[in-house]
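Let me begin by presenting the structure, written as structure tokens, before commenting on it.
Rule-based calculations on the coordinates, nothing more; no lab input. As the structure is a computational prediction, the values presented were derived from the model and not from experiment. Quick reminder, even Gly has a Cβ in these numbers, built from the backbone with ideal geometry, and neighbours come from all protein chains shown.
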Amino acid sequence: MSILRSAIAVAVVLIAVETGSEARAGAPRRPGGAESVYLQDVRFALDEIEKRCGHFFPVKKIDWKAVRKEFLEKAAKVKSDQEHLVLLVKLLARLRDGHASLRPLEKGKAVKWPDDGSRDFTGPGMFLCRSGGKVLVKSSWGPAQAAGVLPGMEVVKVNGGPVAKWLAAKVAELSETRSFSTDHQAYSYACHWGLAAKPGTKLRLELRGVDGKKVERTLTYSRASVVPEGPAVLPSGLKGSSDLQYGTTPDGYGYIHVRRCPGNLPELTDGALAALGDVPGMILDFRGNSGGGMDHDAFLGRFVPQGRSIRFAKGYASAGPSPYGGPVVVIVDATVRSTGETASGIFKEDGRGYMIGECPTAGMSSGKATIDLPSRLFSLYVSVSSNKGRFNGGRGIEGIGVIPHETVELEAADLAKGVDTLIRRAEGILKDFPKGKVPYDPAAFGWKKDGAGKSQS
């Protein structure tokens, strides 16, 4: 009899423990203890993400306990594969991982995202930027330009409300289904790609011109790209390809816009450097860089004098037929992503150049892993480690970005005149290079300017 009572007591304890555990998890089981396949997937995803990505949670300020409670409760109510797809996408958005994506397995290929009309979205013909606490029109063309919305204007109100509140709501809306590695990446996205809407959408804008006068304009969406080129204003007369363009600035400095990082980027750089020759300084502009994949050592080696090598945080040997040995200024912002961050970042972190930017790079540069879900409908593609672990004092890039030596914001007066403030500032730095902040000293590697202001190496 005592054995029976003991067995009953143990069973009661086990039931209480299981019930308490489930209550804490926030998701009830179905009658009989069975879970839906959708709830099983979400429970598995939450566990695996915490196991593999949890080390990012403090950096990205993620409360995974709250996320777990929210999504287990929602998963218990899912009734279709499409609802499951939507919920998993929203779960990945909470991970704050710019590379995170939901990928269909064979069983899930027929499951489609609900038609929300976004495939037909277009842009307003403008991009925005933040400067001195204000929101400025960074660039305008097409419908925005036709409506009298011009670069350098301050946006005061949108549809009758403060622009700051409007942008904050847009960031929150985008963040429901898109994963951003950093706050500055999310804000930058809202000011560029995030302005997309259905053709015919109207924006009522209250603007302040550079003369201080307020004006009201109504902008109607028609056809305009939402993909930022990068700089607010490119120097005129550039040559090259969509991946890399080059030329000179008004003051005669070399300028290379690295739009993407394809495998042949080092060879593309060779052509640019040969054409530019012995310029007195070089500007490498990575704004708008969407990433890619290439040999980083070979790329930076194009900026090490012939027959020489450098070693500060890491060693690099000279590479290519026309390497450049003069001073280098690198320009970045939050549109610089993935390989664009590592390719630009090595110039700062490994001592070769001086970096300026409106803000750090996007902070989405990582090693990834694929997690197949139990239902075999989908897999999760997530970041599990940070690239360039030596950057940022050993914290890497993911969730942080590459932080410039100097923050430089676009200025309204420059934008109104068709001048990119960061390129102008880069020219000023090259005229009086801050040697103490950059380990590489061109003169120590045999580079010098001739009497005409040109360089020799």
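Structure notes:
- Other residues whose C-beta falls under 10 angstrom from the C-beta of residue 386 contribute a net charge of +1, scoring Lys and Arg +1 and Asp and Glu -1.
- Evaluated over segment 91-202, the Cα radius of gyration and Dmax, each in Å: 16.2, 51
- Using C-alpha pairs under 8 Å with a sequence gap of at least 6, the mean separation divided by the residue count of segment 118-220 gives a relative contact order of 33 percent.
- Computed from backbone phi with θ = phi - 60° and the Karplus coefficients 6.51, -1.76 and 1.60, the 3J(HN,Hα) list for segment 234-242 is 8, x, 6, x, 5, 10, x, 10, 5 Hz; x is used for glycine and proline.
- Above-threshold pairs, the threshold being 19 Å between Cα atoms, out of 348/435; 170/202; 138/431; 69/107; 79/107: 138/431; 69/107
- Note on segment 194-226 and segment 299-361: Cα centroid distance 38 Å, given to the nearest whole angstrom.
- Local electrostatic count, residue 232, Cβ distance below 13 Å [Lys/Arg +1, Asp/Glu -1]: -2
- Net charge over other residues, Cβ less than 13 angstrom from the Cβ of residue 302 (K, R count +1; D, E count -1): -2
- Among [x] 25.6; [y] 20.5; [z] 27.7, the entry that matches mean projected area of the Cα convex hull in nm² as calculated here: [z]
- Ellipticity estimate at 222 nm from DSSP helix runs (n ≥ 4, -39,500 (n - 2.57)) divided over the chain, nearest 500: -9500 deg cm²/dmol
- Computed over the chain: relative contact order in percent, which uses C-alpha pairs under 8 Å that are six or more apart: 15
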